[in-house]
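For reference, the structure is listed below as structure tokens.
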Amino acid sequence: MDKSALRDAATIVVLRNRTTAPAILMGQRGAKAAFMPMKFVFPGGAVDDGDASIPLAGPLPHPCAARLAENSLRTPDTLAAAAIRELWEETGQILGQPSDWHDAPPDWSEFAATGHRPDASGLTFIFRAVTPPGRPRRFDARFLMAEADQLASDPDDFSRAADELSHLQWVPIDKARSFDLPFITEVVLAELAARLDVPGPPALVPYFRNDDEALLVSRLGGQSPLGSL
């Protein structure tokens, strides 16, 4: 497989204490990681083909599902399942509803053993970005947001996390820029900070589309491109 080929990905931004002391869940990638080593990032990763067959306990709300479907070969439910799986694998946090799930695939067996099915009903689609050409890994990443009070797990318990991210912690939004962040993470944080007082999904979702010529910025939801940077 060409590791530099563009891969679909899903990232989840978990927001805590939105109205009092807003913070987001982040962790640090390893020094030997091929993609963004040592950077502090949100949980997320590539979509697996098996994510397309995961039965969600709750579907994505409209209009988020419709916007995720724009210019995408992956279904909205597939992208949502990938985000929830990555959250579980990298942090041990459960975004799900209580339910028996006896026929879960191997990648989801430990999640199912907690007595939950993945629940996408509280997710909000807030951002989409494509990794620039020339990087060792390239992703077409969709950023979905969840509120910490939607978690079915203790938000401070990371004991079930895999070792993909270290230093898992709730980072105050007003202190996040003091961490070593990827550029696109800084952009997402700025969008999020500007919307803390605005309920519901954004009117239009920013879409950073990198190609060989320019960083094209458009908005998912019916508008034409804003131009290039």
| said: Any residue that is within 15 Å of the chain's Cα centre (by Cα), closer than 16 Å to Asp8 by Cα and buried (at least 17 other Cβ atoms within 10 Å of the Cβ) - is there at least one of those in region 51-63? | reply: yes
| request: Output the residue which, of all residues in region 109-125 that are among the hydrophobic types (A, V, I, L, M, F, W, C) and surrounded by fewer than 22 Cβ atoms within 10 Å (Cβ to Cβ), is farthest from Ala65 (Cα to Cα). | output: Ala113
| request: Go through Asp149, Asp154 for me and flag whichever is more than 15 Å from Pro59 (Cα to Cα), part of a loop (DSSP other than H, G, I, E, B), out of contact with any Leu (no Cβ under 7 Å at 6 or more places or on another chain) and of a type outside the set (Ser, Thr, Tyr). | output: Asp154
| task | Would you check which residues across region 126-144 are touching a Lys or Arg at 6+ places or on another chain (Cβ under 9 Å) and crowded, with 19+ Cβ neighbours inside 10 Å and list them? | result | Ile126, Phe127, Arg128, Ala129, Val130, Thr131, Arg138, Phe139, Asp140, Ala141, Arg142, Phe143
| query | Scanning for something part of a strand (DSSP E or B), at pLDDT below 95 and of a type outside the set (A, V, I, L, M, F, W, C), does region 184-199 turn up at least one residue? | reply | no
| remark: In region 157-190, residues that are of a type outside the set (S, T, N, Q) and closer than 15 Å to Leu15 by Cβ total 10
| said: I'd like to know if region 161-174 contains one or more residues that are outside any loop (DSSP other than H, G, I, E, B) and of a type in the set (Val, Ile, Thr). | reply: yes
| query | Of (1) surrounded by fewer than 16 Cβ atoms within 10 Å (Cβ to Cβ); (2) modelled with pLDDT under 95; (3) on the phi > 0 side of the Ramachandran plot, Met36 satisfies all except one. Which? | reply | (1)
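The values are calculated or read from the model by the stated rules, or taken from the named source; none is laboratory data. Bear in mind the structure is a predicted one, so any value in this text is a computation, not a measurement. Cβ sites come from the backbone with ideal geometry, for glycine too, and all protein chains shown count toward neighbours.
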